1. Can you tell me which residue within segment 84-101, out of those that are among the charged types (D, E, K, R) and over 20 Å from GLN67 (Cα atoms), is least open to solvent (accessible area, probe 1.4 Å)?
2. Go through SER42, SER32 for me and flag whichever is open to solvent by 70 Å² or more (accessible area, probe 1.4 Å) and farther than 20 Å from LEU137 by Cα.
3. For residues that are part of a loop (DSSP other than H, G, I, E, B) and at pLDDT 75 or above, scanning just segment 129-154, find the one that is farthest from the chain's Cα centre (by Cα).
4. ILE51: surrounded by fewer than 10 Cβ atoms within 10 Å (Cβ to Cβ), over 30 Å from ALA149 (Cα atoms), modelled with pLDDT under 90 and among the aliphatic types (A, V, I, L, M), yes or no?
5. Would you please name the residue that is modelled with the lowest pLDDT, looking only at residues in segment 102-118 that are exposed (fewer than 12 other Cβ atoms within 10 Å of the Cβ) and under 17 Å from the mean Cα position of the chain (by Cα)?
Amino acid sequence: MRNIQLLPVLLLLVTAAAAQDLPCRWDELTASDWPRALERSSRTCILPTGILEKHGPHAPIGSDLIQVREWAARATKKEYAVVFPDYFYGQINEAKHEPGAFALPEKVVWELLESTCDKSDPATDGHAGERETSVLLYMWPELVKMDSARIESGANQRRLSVPGVYTAI
């Protein structure tokens, strides 16, 4: 009988603990949660990107979004990251005439994506930059020491006077 009486208390504690956990989805965070979410994620965000288009007569228009949304959810179960709202803005010139498709002009898509991500310049994202570090963080996070990332700038030291040659080390 005593075990039965403890069950509601345990359920209440588990529910309270789960409710206090920080949501991964940006749209589920409160404004006061935002700084903690960025800190907990080491400013790592996931942008689930897909397009709304015909996927044959048998699959949903949002097939791409459904898949990336699930991949983002699975990834954040392994390591905390802030998940942006689904990004469905794209151009699909070859299928924009199909029922249910959503397509924007290419220029608008790129400007919107750049503004959304506000990432570093890909031309300067070289050796040990965001791209390479992101891959390592995804595959082998235990090998990356992010607290040391800003010790060196990676700026071109211009050790060679050859145009287009980058000498950072």
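1. It comes out as GLU98.
2. On the way: SER42 fails: farther than 20 Å from LEU137 by Cα.
Going through SER42, SER32 in turn, just one is open to solvent by 70 Å² or more (accessible area, probe 1.4 Å) and farther than 20 Å from LEU137 by Cα: SER32.
3. Among residues in segment 129-154 that are part of a loop (DSSP other than H, G, I, E, B) and at pLDDT 75 or above, the one farthest from the chain's Cα centre (by Cα) is ILE151.
4. No.
5. This residue is ASP118.
The values are calculated or read from the model by the stated rules, or taken from the named source; none is laboratory data. Bear in mind the structure is a predicted one, so any value in this text is a computation, not a measurement. Methodologically, a virtual Cβ is constructed for each residue, glycine included, from the backbone with ideal geometry; neighbour enumeration extends over all protein chains shown. All accessible areas refer to the heavy atoms of the entire protein, side chains included, with ligands and DNA or RNA removed. Shrake-Rupley method; radii C 1.70, N 1.55, O 1.52, S 1.80 Å.
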